[in-house]
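Everything on this sheet refers to the single structure shown next.
The values are calculated or read from the model by the stated rules, or taken from the named source; none is laboratory data. Computed from a predicted structure; not experimentally measured. Methodologically, a virtual Cβ is constructed for each residue, glycine included, from the backbone with ideal geometry; neighbour enumeration extends over all protein chains shown.
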């Protein structure tokens with residue numbers, strides 16, 4: 001790991017945790033980060049710094065990292081710790097020197113070139129905002145409704161495991177859970193209870209107060225937990241002018257091991273915040 005000076009001058013730090021990542025998707029994520037840096041930096045040197053956390057299986061990304069360097073994005077590779085899970089991986093970066101803002105980012109996200117510039121502009125104009133989430137779209141260009149109300153067990157089962165063709169009887173319930181009456185492509189929404197961990201832009205002092213992710217979650221629900229705790233120290237905001245593309249999929253499409261991890265993390269989440277069945 002290349003050490004970063006505590007006297008850093010970068011504006012935004014970014015952490016990306018990978019475990020056997022899709023090389024093409026990760027390359028696209030890093031390319032979009034380079035483009036976002038060009039839009040934000042406006043001649044500043046080292047406006048961004050990337051912490052790339054290798055939980056195992058990182059392919060050779062030398063060409064992508066060189067592109068980042070040319071765009072003024074420094075990087076630190078954190079490796080050798082094994083697969084410690086998603087939240088604990090990000091926590092390894094959070095203990096390093098951070099920028100004024102810190103972005104938690106999935107390795108399957110493509111950002112619009114102006115996404116980070118617009119996000120920082122919003123945060124600068126709204127000092128009460130401590131955590132920002134963007135409008136998130138899928139590969140078909142359709143909005144993903146990833147802001148959530150507090151879940152019930154039925155919500156999680158239907159949303160995570162039932163085929164789309166069988167969800168019609170639960171449409172009203174899912175619409176409430178996914179905040180479809182509030183979330184759209186034009187209206188800013190303050191204080192959605194839960195936001196997605198695929199893109200979380202924090203003021204770094206807020207993230208440090210929260211001490212990052214709860215390490216008890218290996219995978220799944222760590223973002224639900226962090227979102228709910230964030231409301232205790234700052235305001236959370238959905239800003240649709242900030243747009244990203246997300247290539248991710250649900251646990252049920254990733255096999256039994258992911259279903260097992262999903263259930264284990266759900267149990268920890270409800271034990272901490274309270275069980276809600278219906």
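Starting from residues that are touching a residue at least 40 places away in the same chain (Cβ under 8 Å) and surrounded by 15 or more Cβ atoms within 10 Å (Cβ to Cβ), keep the ones in region 164-190 and report whichever is nearest to residue 129 (Cα to Cα).
Pass one, region 164-190, residues touching a residue at least 40 places away in the same chain (Cβ under 8 Å): 183-190.
Imposing the further condition that a residue be surrounded by 15 or more Cβ atoms within 10 Å (Cβ to Cβ) reduces the set to 183, 189.
On the way: 183: 18, 189: 11 Å.
Among those that are touching a residue at least 40 places away in the same chain (Cβ under 8 Å) and surrounded by 15 or more Cβ atoms within 10 Å (Cβ to Cβ), it is 189.
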- prompt: Any residue at all in region 147-156 that is over 20 Å from residue 229 (Cα atoms), in a helix (DSSP H, G or I) and free of Cβ contacts under 8 Å to residues at least 40 places away in the same chain?
  reply: yes
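How many residues are part of a loop (DSSP other than H, G, I, E, B) and surrounded by 21 or more Cβ atoms within 10 Å (Cβ to Cβ) when one looks only at region 197-218? Full working, then the answer.
We begin by selecting, within region 197-218, every residue part of a loop (DSSP other than H, G, I, E, B); these are 197-198, 211-218.
So of that shortlist, the ones also surrounded by 21 or more Cβ atoms within 10 Å (Cβ to Cβ) come out as 197-198, 212-213, 217.
The total comes to 5.
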query: Is it true that some residue in region 234-243 is under 16 Å from residue 106 (Cβ atoms) and surrounded by fewer than 23 Cβ atoms within 10 Å (Cβ to Cβ)?
result: yes
message: Suppose the filter is modelled with pLDDT of 95 or more and within 27 Å of residue 53 (Cα to Cα); does residue 200 pass it?
response: yes
field: Candidate set from region 134-146 (those that are touching a strand residue (DSSP E or B) at 6+ places or on another chain (Cβ under 9 Å) and assigned to a loop (DSSP other than H, G, I, E, B)); member that is farthest from residue 176 (Cα to Cα)
entry: 139
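Per-residue answers, yes or no, for (1) at pLDDT 95 or above; (2) crowded, with 21+ Cβ neighbours inside 10 Å; (3) in a helix (DSSP H, G or I):
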position	(1), (2), (3)
5	no, no, no
8	no, no, no
25	yes, no, yes
29	yes, yes, yes
35	no, no, yes
53	yes, yes, no
57	yes, no, no
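May I ask you to list the residues in region 227-246 that are touching a residue at least 40 places away in the same chain (Cβ under 8 Å) and in contact with a helix residue (DSSP H, G or I) (Cβ under 9 Å, 6 or more places away or on another chain)? Break it down into steps so the answer makes sense when it comes.
First pass over region 227-246, keeping only residues touching a residue at least 40 places away in the same chain (Cβ under 8 Å): 227-228, 230-231, 233-246.
Within region 227-246, 228, 230, 233, 234, 236, 237, 239, 241, 242, 243, 244, 245 meet the criteria.
For region 116-130, name all the residues that are buried (at least 24 other Cβ atoms within 10 Å of the Cβ) and either more than 14 Å from residue 33 (Cβ to Cβ) or out of contact with any helix residue (DSSP H, G or I) (no Cβ under 6 Å at 6 or more places or on another chain) (or both).
Of region 116-130, the ones buried (at least 24 other Cβ atoms within 10 Å of the Cβ) are 116, 119.
Once the filter is applied, which keeps residues that are buried (at least 24 other Cβ atoms within 10 Å of the Cβ) and either more than 14 Å from residue 33 (Cβ to Cβ) or out of contact with any helix residue (DSSP H, G or I) (no Cβ under 6 Å at 6 or more places or on another chain) (or both), region 116-130 yields only 119.
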